[in-house]
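This report concerns only the one structure given below.
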Amino acid sequence: MDFQLPDNVEEFRSEIKEFIDAEWPESLRNKSQTEISYEEERTFCKKLAKKGWLVMSLPEEYGGKRRSILEQYIFQETMAYYGAPYGTTATTIVAPTLMRYGTDEQKSTFIPRIAAGEIDFALGYSEPNAGTDLASLQLRAELDGDEYVLNGTKMFTSLAHKADYCWLAARTDTDAPKHKGISLFIVDMKAPGITTRPLWTMGGGRTNQTFWDNVRVPVSQRIGEENQGWYYVATALDFERIGVFPVSRVRRQFDRLVEYVRTADFGGYRPAQDPDVRRRIADLSTDLEVAQMLSYRAAWMVSQGQVPNYEAAMVKIFGTELQQRLTHTATQVLELYGQLLEGSPHAPANGYFEQAYEAAVMPTFGAGSNEILRQIIAARGMGLPRG
Ligand SMILES: Cc1cc2nc3c(=O)[nH]c(=O)nc-3n(C[C@H](O)[C@H](O)[C@H](O)COP(=O)(O)OP(=O)(O)OC[C@H]3O[C@@H](n4cnc5c(N)ncnc54)[C@H](O)[C@@H]3O)c2cc1C
């Protein structure tokens, strides 16, 4: 089999690596996602913006570079390996959706500022009673003159306490079937009536519950047609598909584990010589190759104009569960020391694997839970009746 990438893609990979070496120091590469501060991420995104890489597939007039799908894939893969930020709600969901469904005014108001890394968006989809079953969302948007009035509650509105805007899904028709009464809005987070309450996750990261009390948003900030929001939300998922789970992030963790095991010595006990540890490392390296191939296949399909809906689900399930197996193995190989937090003088690799273990939970249900994705594989991939 020949998996060689075109020359221009390989050249681009080298350019990205040079950029990372110059702009993303070693001290940040080994931090978990939750340890990288919002300010560090914003500063770095401004540098990506200068290269035209934040929205690289878009045309130049909007701040992009018209890069191909494969180039975009290699970009995400390389950045994820080094733990560098490469996409936000604004770049992966808002900009591509606006390009397709936004008015000219919405495009020219928001996309260049997103491309320049000037503005950021929170994602307002989930609610207390609408997570997996997102179409049941209840936050109400009622038309009043040339504004909508928003009332309700959102759960897990990550970044709501920092972002400039919220990409918000709200119910505009309570009588229509649930998928047909939803609209999408861009709401200024400084608008009166929005209250943000922190929710802390086990990995130490912050997300939020947000309360929307008579918040007014101009009709001009509704995206596309009224009550068509569900369709736009589903289409936006297409844009996320190739980046839905970067396998290279697990490869980095694996490489660090192997590096650690190679030299570790606990008072004469050397994990590198333990048959059980060697077997686990061998199993993980095999699984990693499988995950990589699944990921390349999904990226290739997108580059050929195909929609890898069940194939992308396979990448996400296999990759996220491999990440859990890997971090679980790492904490076992490091024995009780593996539970020590960053900062403890006895924490192996300065707590890197402990952080990675905690951070490995969220990807199994974020952006579509693995249970639901298994149903997609069974129904769309294997032709079984819908469950
Ligand atoms: C740290 C964090 C950050 C987040 N950030 C955001 C954000 O920025 N914006 C946003 O909108 N949302 C965000 N989310 C929400 C996330 O998308 C939801 O957690 C996810 O959609 C699951 O919804 P839920 O938590 O309500 O779980 P539920 O929908 O209650 O599901 C609970 C469990 O039941 C399973 N399940 C549910 N229905 C079925 C079924 N029909 N068949 C089989 N199994 C089923 C699920 O797979 C899951 O394992 C975030 C969540 C977390 C934890």
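Give me Rg over Rh for the range 7-87, both radii from the alpha carbons and Rh done the Kirkwood way, two decimal places. Each step should come with its number before you reach the end.
Working: Rg = 12.5 Å, Rh = 13.0 Å.
A ratio of 0.96.
According to the square roots a ≥ b ≥ c of the eigenvalues of the Cα gyration tensor, what is the shape class of the range 121-227, taking rounded for a/c under 1.5, prolate for a/b larger than b/c otherwise, and oblate for the remainder?
Details: a/c = 2.11, a/b = 1.37, b/c = 1.55.
Since a/c reaches 1.5 but b/c is at least a/b, the shape of the range 121-227 is classed as oblate.
If r is the Cβ-Cβ distance from residue 143 to residue 375 and R0 is 51 Å, what FRET efficiency results, to the nearest 0.05? Present the calculation step by step, with values, prior to reporting the outcome.
Working: r = 36 Å, r/R0 = 0.71.
The calculated FRET efficiency here is 0.90.
Just grab the label-to-label distance for residue 231 and residue 285, each label 7 Å out from Cα along the Cβ direction, in nm (one decimal).
Using points 7 Å along Cα→Cβ, the separation is 5.1 nm.
Quick one: length gained pulling residue 51 to residue 164 fully straight, 0.36 nm per residue minus the C-alpha distance?
Details: separation 113, 0.36 × 113 = 40.68 nm, distance 2.27 nm.
Additional length available on full extension: 38.4 nm.
Can you give the angle from 0 to 90° between the axis of helix 38-51 and the longest principal axis of the chain, with both taken from C-alpha atoms, to the nearest 10?
For 38-51 against the chain, the angle is about 80 degrees.
With θ taken as phi - 60° and the coefficients 6.51, -1.76 and 1.60, list the Karplus ³J(HN,Hα) couplings across the range 14-29 in order, rounded to whole Hz; mark glycine and proline as x.
Using θ = phi - 60°, the values come out as 5, 4, 5, 4, 4, 4, 4, 4, 7, 10, 10, x, 3, 4, 8, 5 Hz.
I'd like the Karplus ³J(HN,Hα) series for the range 141-146: coefficients 6.51, -1.76, 1.60, θ = phi - 60°, whole numbers in Hz, and an x wherever there's a Gly or Pro.
Rounded to whole hertz, the list is 10, 10, 6, 9, x, 9.
Helix 275-303: angle to the longest alpha-carbon principal axis of the chain, degrees 0 to 90, nearest 10?
With both axes taken from Cα atoms, the answer is about 30 degrees.
What's the FRET efficiency of residue 386 with residue 273 using the Cβ-Cβ distance as r and R₀ = 51 Å, to the nearest 0.05?
The formula returns an efficiency of 0.50 here.
Distance between Cα centroids, the range 101-179 to the range 23-90: provide it in whole Å.
So the separation of the two Cα centres works out to 24 Å.
May I ask for the angle, rounded to the nearest 10°, between helix 247-263 and the longest principal axis of the chain, with both axes built from Cα atoms and the value confined to 0 to 90°?
20 degrees
Take every Cα pair under 8 Å in the chain that's 6+ residues apart, average their separations, divide by the length, and report that relative contact order as a whole percent.
Value for the chain: 13 percent.
Dimensions of the range 21-177 along principal axes (Cα, Å, largest first)?
54, 34, 26
Of all the stretches in the chain, which is the longest one without any exposed loop site, taking trypsin sites (Lys or Arg not before Pro) in a DSSP loop (any state but H, G, I, E, B) with at most 12 other Cβ atoms within 10 Å?
Numbers: sites that count: 66, 190, 386.
The reported range is 191-385.
No lab work stands behind these numbers, since they all come straight from the coordinates. Quick caveat, the model's predicted, so the values are computed rather than measured. Note that each Cβ is placed from the backbone with ideal geometry, even for glycine, and that neighbours are counted across all protein chains shown.
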